[in-house]
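First comes the structure, then the notes that go with it.
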Amino acid sequence: MSAAQNSGDIFDVKKVRRLIELMKEHDLAEIDLKQADQRVRIKRGQEVVAHSGAPASRPVVTAVEPAAEAPSRMLIITSPMVGTFYRSSNPESPPFAKVGDRIGPDKTVCIIEAMKVFNEIPAGVSGQIVAILVENGVAVEFGQPLIKIDPEA
């Protein structure tokens with residue numbers, strides 16, 4: 001048995017997988033567990049957040065200073081977690097969002113798969129998509145720019 005298993009580490013992959021199985025088995029929408037300063041929160045069909053004393057992660061939208069020739073202020077949707085970026089729910093489905101689409105804050109713009117959980121990522125802002133900065137199926141890091149939005153278009 002590893003040191004992580006001996007110490008009751010709630011981040012042990014086997015334990016997290018078992019929690020996901022229990023969620024499916026009992027049709028639970030959310031599990032939120034805390035042990036000392038460690039916490040695991042799993043929301044079905046939304047996000048996986050696991051942290052140790054740090055606040056939960058959410059999609060982060062940052063402003064990019066405009067270039068001299070660009071009159072609008074671009075916004076960047078960044079990844080709220082480490083995982084695999086997908087533009088659609090499956091290979092046969094159309095992408096959630098594409099360049100030129102006008103979106104609202106609640107519009108799902110992509111999915112990030114982390115630990116076999118598919119997390120829908122909402123835009124968090126309104127505007128027009130001007131660029132998708134990540135290829136479909138590519139691994140992304142926390143805070144990595146995903147989509148560029150023009151809020152004034």
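Under the condition of being exposed (fewer than 14 other Cβ atoms within 10 Å of the Cβ) and charged (D, E, K, R), which residue from region 80-100 is farthest from residue 131 (Cα to Cα)?
92
Return the residues of region 83-138 that are charged (D, E, K, R) and more than 16 Å from the chain's Cα centre (by Cα); say none if nothing qualifies. Explain how you work it out, then say what you get.
First, the residues of region 83-138 that are charged (D, E, K, R): 87, 92, 98, 101-102, 106-107, 113, 116, 120, 135.
Hits for region 83-138 are 92, 98, 101, 102.
Throughout, read-outs are computed from the coordinates displayed, never taken from laboratory work. Predicted, not measured: the structure shown is a model, and the values here were computed from it. Glycine also receives a Cβ, built like all others from the backbone with ideal geometry; neighbour counts cover every protein chain displayed.
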